[in-house]
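Colleague: Pasting in a structure now, in structure tokens, and then I'll have a few things to ask.
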């Protein structure tokens, strides 16, 4: 029924408003068009929320609404500076402490997914982590003719595909409604943003694609240090089952355990932030769900161990260069560079002023320099950015949605580990090295190589293109000849009809 997505969306909005979700949205980050609807929605808040200001049941509300909303809550959990420390602490339970599904279902799921290979997975534990999409079990893999190894077995929740589809459908409905009711905000491209999230969800719900993502990232980071990922067992992986090597680590959110193990939290935070930037800028392929439940510290070192590669981000070379230039511009306080890159890539319309845009960017960047992460209010920064995008008619770039979300997650995790985090100092080695390589001889060689590959590929297609052109020309000649023959056959009829018409006119004139 076409009304069901809107009904589901309205239901979700009511539940979230009742539990106080609208009260955590900072007014300064909202455009004027949305302030009145938010104020209206807060009228249905529970009395306890309005009286105390506590939003203690938001965690439960998101669980009830389903996996897509849980994902949203996981992002908020990393931003105590935006939602407040109490709300963030409550939402951390969404990251890997969800209620597991019935363990009695596990043997049948494995048997149907893996066939005879399922018998090689033994001593399967109770769920060691249960998230919104899947849960993870520890097991012993006993392959024929090989030594047993300890593995992690990830299993999708039964019925999760259908649940995600319903949520995404309601998001599409909400995006269409938003575009109709808030025409001035169409530049945010809500429909394209939902399409991006939809594609991401479809990828996340096929664990074979997650296995492929782990394999690709392993190739990208084979020469790196400080970032560790598991290895896939392809013989024991299917659409709804993923088996990887077991990794031991200390959760990055357990600060007391990190300190007790002698982990240097500052180094760990730097590894997380720099690894993410390296993957995004150098490789264009990055882990897009780096919340604290997916990150661990390796005992005996400050290495980061990452798990759960269901959501991956990919950006092209132009977006990577844009990101690097923007970060470098903020690092060096070259706001003119930041402004010019926005115009060159088409994010700001050409009819706007580069100088005025550079001035607006300076108003955001200057207050951030010389401040620690603890001194920066991201809510205020987001509010300023929204005002700037509105002022200069900037449009949302769907291809950067996952990157923007991931940067928020990564910065939130890193600043929790190190409140004195200096984002710009940590970013400079990664960004600067990549830009220097791009601008240097190696970058020029890569450009020439890519140009030669394009030229070679086009050259290979020339014979085919010529053959197709000849066919089109031949077909065009045949059609022209056919039209001439038809015209010739219709000429006598046309002359006869004209003569009869003229005769009729003459007879009428005589009579």
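No value in this document is a laboratory result; all are computed from the given coordinates. This one's a predicted model, so the numbers in the text were calculated from it and none came from an experiment. Using ideal geometry, Cβ is built from the backbone for each residue, glycine included, and neighbour counts are taken over all protein chains shown.
Colleague: How far apart, in nanometres, would the label points at residue 247 and residue 104 be if each is projected 7 angstrom from Cα along the Cα-to-Cβ direction?
Modeller: Simple spin-label model gives 3.5 nm for this pair.
Colleague: On full extension of the chain, what length is gained from residue 362 through residue 317, given 0.36 nm per residue of separation minus the C-alpha to C-alpha distance?
Modeller: Working: separation 45, 0.36 × 45 = 16.20 nm, distance 2.60 nm.
Between residue 362 and residue 317, full extension yields 13.6 nm more.
Colleague: Once both labels are modelled 7 Å past Cα along the beta-carbon direction, what's the residue 11-residue 46 spacing in nm?
Modeller: It is 1.9 nm.
Colleague: On full extension of the chain, what length is gained from residue 126 through residue 352, given 0.36 nm per residue of separation minus the C-alpha to C-alpha distance?
Modeller: 75.5 nm
Colleague: Residue 369 to residue 254: extension gain in nm, 0.36 nm per residue of separation minus the Cα-Cα distance?
Modeller: That works out to 38.5 nm of additional length.
Colleague: So if we plug the beta-carbon distance of residue 261 and residue 231 into 1/(1 + (r/R0)^6) with R0 = 25 Å, what FRET efficiency do we get, rounded to 0.05?
Modeller: E(calc), rounded to 0.05, equals 0.55.
Colleague: Right, here's the next one. Once the Cβ-Cβ distance between residue 222 and residue 146 is put in as r, and R0 is 22 Å, what FRET efficiency do you end up with, to the nearest 0.05?
Modeller: Efficiency for this residue pair is about 0.40.
Colleague: Report the calculated FRET efficiency for residue 163 and residue 192 (r = Cβ-Cβ distance, R0 = 30 Å), to the nearest 0.05.
Modeller: In this case the efficiency is close to 0.80.
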